[in-house]
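What follows is a set of notes on a single structure, which appears directly below.
The values are calculated or read from the model by the stated rules, or taken from the named source; none is laboratory data. Bear in mind that the values here come from a model prediction, so they are computed numbers and not experimental data. Cβ placement follows ideal geometry from the backbone for every residue including glycine, while neighbour counts extend to all protein chains displayed. All accessible areas refer to the heavy atoms of the entire protein, side chains included, with ligands and DNA or RNA removed. Shrake-Rupley method; radii C 1.70, N 1.55, O 1.52, S 1.80 Å.
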Amino acid sequence: MDFPILNTTAYGHPLVYLDNAATTQKPRQVIDTLTNYYLTLNSNIHRGAHYLAEQATEQYEAVRPQVCQFVNARQSCEIVFTRGTTESINLVASSFGQRFLGQGDEVIVSGMEHHSNIVPWQLACERAGASLRVIPFSDEGVLDLEAYRQLFTPHTRIVACNHVSNTLGTVNPVKQITEIAHLHGVPVLIDGAQAVAHMAVDVQEIGCDFYCFSGHKMYAPMGVGVMYGREEILNQLPPYQGGGEMIKTVTFERTTYNELPFRFEAGTPSVGDVLGLGAAIDFMQQQGIENIGKHEEELLEYATQRLSAIPGIRIYGTAPHKVGVISFLLGGAHPYDVGTLLDKLGIAVRTGHHCTQPIMDRYGIPGTVRASFACYTRTSDIDALADALVRIAPMLL
Ligand code: PLP
């Protein structure tokens, strides 16, 4: 494993990077893929009748079946490249909303969503005169499935829920959530932003209708993401953005649209980043996704033990099934102060509401400090965090 940036020295300390839920660092293969793309391949794809354009198109289109296999979609046309999870969800909320949401309709979201899986639905609801209904969760950070069942009415049009909470680390029972929705004939979108780097994802096994994720949280470059959609449902949706590539014919009177997946990929995509996504999938598969998950599970157990033993620490999110994310507060100290002091010791964590203000409201807190792990995190990183917390606690408590 070669992650050059991890050799950084921060304020005279070796960098301990524990902000992986925000973005992971990139392995050498991914960086090399990007560099090689711009050194040897850069060209606009699909319509070029020259060597570079053909090569770039071929390599770009080769990543689509790779992603299809990575999430076990049925066919490559169900894989749409976007800029990230946020754009993927906005695409679905906008197109699905336009086609299927009307006055008095309802959209179910969970209480532990990232703002990216709340606001696009609010915008769609505002346009349609529809409203949101929210699945509550327990103090441990577990969704209340009984309450979820009760939220369905004849007006429910879609369920949007994350696979893994970026703040609490909870792995949600997305298969069961989908099954319950399908009993009511309601489609389901899963926000997989925090899942894909930690576990094997099988969209057919989950049964969901849409699955969205970002490359940059799974060792790929920023600027690329994926919207998986079942072919039958994608074929019912109007285009999201208009422009090049998504059309078949254009006259001033009328435009006809391209087939899947190109109908949803307007304009020049981030070709190099898509190739980087392919390299990141190769990297993860070489490491073994199960191995990565197991390693992070061990780290989570170790970190939970070490942090729980520090006087004054409270951990938020203690669900039985979690990924390597620990949100906590140290006594009454403001999370930002904790984060700033850790930073001066070379430890990178995230502080604040993590784009999940409703979670903070649920607990009545302003934010948390969040440490999150990746395949390259070591127990020595956890030790550095725990030791630093012990060291700074007297300054804050
Ligand atoms: N959903 C979840 C659960 C996330 O954690 C994030 C990012 O932190 C997003 C959506 C948004 O991802 P992006 O900013 O890559 O679009």
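Give the number of residues within the stretch 195-211 that are more than 16 Å from the ligand (Cβ to nearest atom) and either open to solvent by less than 10 Å² (accessible area, probe 1.4 Å) or without any contact (Cβ under 8 Å) to a residue 40 or more places away in the chain (or both).
Residues that pass the stated criteria total 3.
For the stretch 225-239, name all the residues that are touching a residue at least 40 places away in the same chain (Cβ under 8 Å) and assigned to a loop (DSSP other than H, G, I, E, B).
Quick first cut of the stretch 225-239, residues touching a residue at least 40 places away in the same chain (Cβ under 8 Å) only: 225-231, 233-234, 236-239.
Of everything in the stretch 225-239, those that are touching a residue at least 40 places away in the same chain (Cβ under 8 Å) and assigned to a loop (DSSP other than H, G, I, E, B) turn out to be Arg230, Gln236, Leu237, Pro238, Pro239.
Conditions (1) assigned to a helix (DSSP H, G or I); (2) surrounded by 23 or more Cβ atoms within 10 Å (Cβ to Cβ); (3) more than 11 Å from the ligand (Cβ to nearest atom), marked per residue:
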{"residue": "Gly185", "(1), (2), (3)": "no, no, yes"}
{"residue": "Ala193", "(1), (2), (3)": "no, yes, no"}
{"residue": "Phe213", "(1), (2), (3)": "no, yes, no"}
{"residue": "Gly223", "(1), (2), (3)": "no, no, no"}
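With the condition kept exactly as written, say whether any residue in the stretch 281-297 is open to solvent by 30 Å² or more (accessible area, probe 1.4 Å) and over 23 Å from the mean Cα position of the chain (by Cα).
no
Within the stretch 182-222, track down each residue that is among the hydroxyl-bearing types (Ser, Thr, Tyr) and more than 13 Å from Ser88 (Cβ to Cβ).
First, pick out the residues of the stretch 182-222 that are among the hydroxyl-bearing types (Ser, Thr, Tyr): 211, 214, 219.
Residue satisfying the conditions is Tyr219 alone.
Might you check whether a residue that is of a type in the set (A, V, I, L, M) and under 22 Å from Pro187 (Cα atoms) occurs anywhere in the stretch 80-89?
Kept after step one, since they are of a type in the set (A, V, I, L, M), are these residues of the stretch 80-89: 80, 89.
Okay, now just the ones that are also under 22 Å from Pro187 (Cα atoms), so 80, 89.
The answer is yes; a qualifying residue exists.
Applying the selection to the stretch 196-211, what residues are under 16 Å from the mean Cα position of the chain (by Cα) and either modelled with pLDDT under 95 or assigned to a helix (DSSP H, G or I) (or both)? Even if it seems obvious, please write down each step before you answer.
From the stretch 196-211, those under 16 Å from the mean Cα position of the chain (by Cα) are 196-203, 208, 210-211; that's our starting set.
Across the stretch 196-211, the qualifying residue is only Val203.
Would you tally the residues in the stretch 3-20 being over 20 Å from Asp273 (Cβ atoms) and either within 16 Å of the ligand (Cβ to nearest atom) or under 25 Å from the mean Cα position of the chain (by Cα) (or both)? Write out each step before concluding.
Initially, the stretch 3-20 is screened for residues over 20 Å from Asp273 (Cβ atoms), giving 6-19.
Next, only the ones that are either within 16 Å of the ligand (Cβ to nearest atom) or under 25 Å from the mean Cα position of the chain (by Cα) (or both) stay: 6, 15-19.
Of the residues in the stretch 3-20, 6 are over 20 Å from Asp273 (Cβ atoms) and either within 16 Å of the ligand (Cβ to nearest atom) or under 25 Å from the mean Cα position of the chain (by Cα) (or both).
Could you check the stretch 269-322 and list, in sequence order, the residues that are among the β-branched types (Val, Ile, Thr) and either assigned to a helix (DSSP H, G or I) or touching a residue at least 24 places away in the same chain (Cβ under 8 Å) (or both)? Break it down stepwise before answering.
Let us first name the residues in the stretch 269-322 that are among the β-branched types (Val, Ile, Thr), namely 271, 274, 281, 289, 292, 304, 310, 313, 315, 318.
Those that are among the β-branched types (Val, Ile, Thr) and either assigned to a helix (DSSP H, G or I) or touching a residue at least 24 places away in the same chain (Cβ under 8 Å) (or both): Val271, Val274, Ile281, Ile289, Ile292, Thr304, Ile310, Ile313, Thr318.
Given the residues Gly324, Gly312, which is the only one that is crowded, with 18+ Cβ neighbours inside 10 Å and not hydroxyl-bearing (Ser, Thr, Tyr)? Don't jump to the end; show me each part of the working.
Values: Gly312 fails: crowded, with 18+ Cβ neighbours inside 10 Å.
The conditions single out Gly324.
Only residues in the stretch 97-123 that are more than 11 Å from the ligand (Cβ to nearest atom) and part of a strand (DSSP E or B) count as the first member; pair them with residues that are of a type in the set (S, T, N, Q) and modelled with pLDDT of 95 or more, Cβ under 7 angstrom, at least 6 apart or cross-chain, and list the lot.
If the second residue must be of a type in the set (S, T, N, Q) and modelled with pLDDT of 95 or more, the pairs left are Glu106/Ser131; Glu106/Thr153; Glu106/Thr156; Ile108/Thr156; Val109/Asn117.
So how many residues does the stretch 330-376 have that are touching a Gly at 6+ places or on another chain (Cβ under 7 Å), surrounded by 23 or more Cβ atoms within 10 Å (Cβ to Cβ) and among the polar types (S, T, N, Q)?
The number of residues fulfilling the criteria is 1.
One residue is enough: does the stretch 19-35 have a residue meeting the conditions part of a strand (DSSP E or B), modelled with pLDDT of 95 or more and surrounded by 14 or more Cβ atoms within 10 Å (Cβ to Cβ)?
Of the residues in the stretch 19-35, the ones part of a strand (DSSP E or B) are 19.
Retained after the next criterion (residues that are modelled with pLDDT of 95 or more): 19.
Those left that are additionally surrounded by 14 or more Cβ atoms within 10 Å (Cβ to Cβ): 19.
Yes, there is a match, as at least one residue in the stretch 19-35 is part of a strand (DSSP E or B), modelled with pLDDT of 95 or more and surrounded by 14 or more Cβ atoms within 10 Å (Cβ to Cβ).
Evaluate the stretch 55-66: report whether one residue or more is farther than 24 Å from Cys375 by Cβ, in a helix (DSSP H, G or I), touching a strand residue (DSSP E or B) at 6+ places or on another chain (Cβ under 9 Å) and within 16 Å of the ligand (Cβ to nearest atom).
Checking the stretch 55-66: not a single residue is farther than 24 Å from Cys375 by Cβ, in a helix (DSSP H, G or I), touching a strand residue (DSSP E or B) at 6+ places or on another chain (Cβ under 9 Å) and within 16 Å of the ligand (Cβ to nearest atom).
Within the stretch 361-378, which residues are within 15 Å of Leu15 (Cβ to Cβ) and of a type in the set (D, E, K, R)?
Of everything in the stretch 361-378, just one residue is within 15 Å of Leu15 (Cβ to Cβ) and of a type in the set (D, E, K, R), namely Arg378.
From Tyr228, Tyr240, Tyr219, which residue is within 16 Å of the ligand (Cβ to nearest atom), crowded, with 21+ Cβ neighbours inside 10 Å and at positive phi?
Values: Tyr228 fails: at positive phi; Tyr240 fails: at positive phi.
Only one candidate qualifies: Tyr219.
Only one of Gly97, Gly84, Gly48 is at pLDDT below 95 and either surrounded by 14 or more Cβ atoms within 10 Å (Cβ to Cβ) or under 24 Å from Gly324 (Cβ atoms) (or both). Can you tell me which?
Values: Gly97 fails: at pLDDT below 95; Gly84 fails: at pLDDT below 95.
Residue meeting the stated conditions: Gly48.
Val323 is checked against (1) more than 22 Å from Ala195 (Cα to Cα); (2) touching a strand residue (DSSP E or B) at 6+ places or on another chain (Cβ under 8 Å) and fails just one. What number does that condition carry?
(1)
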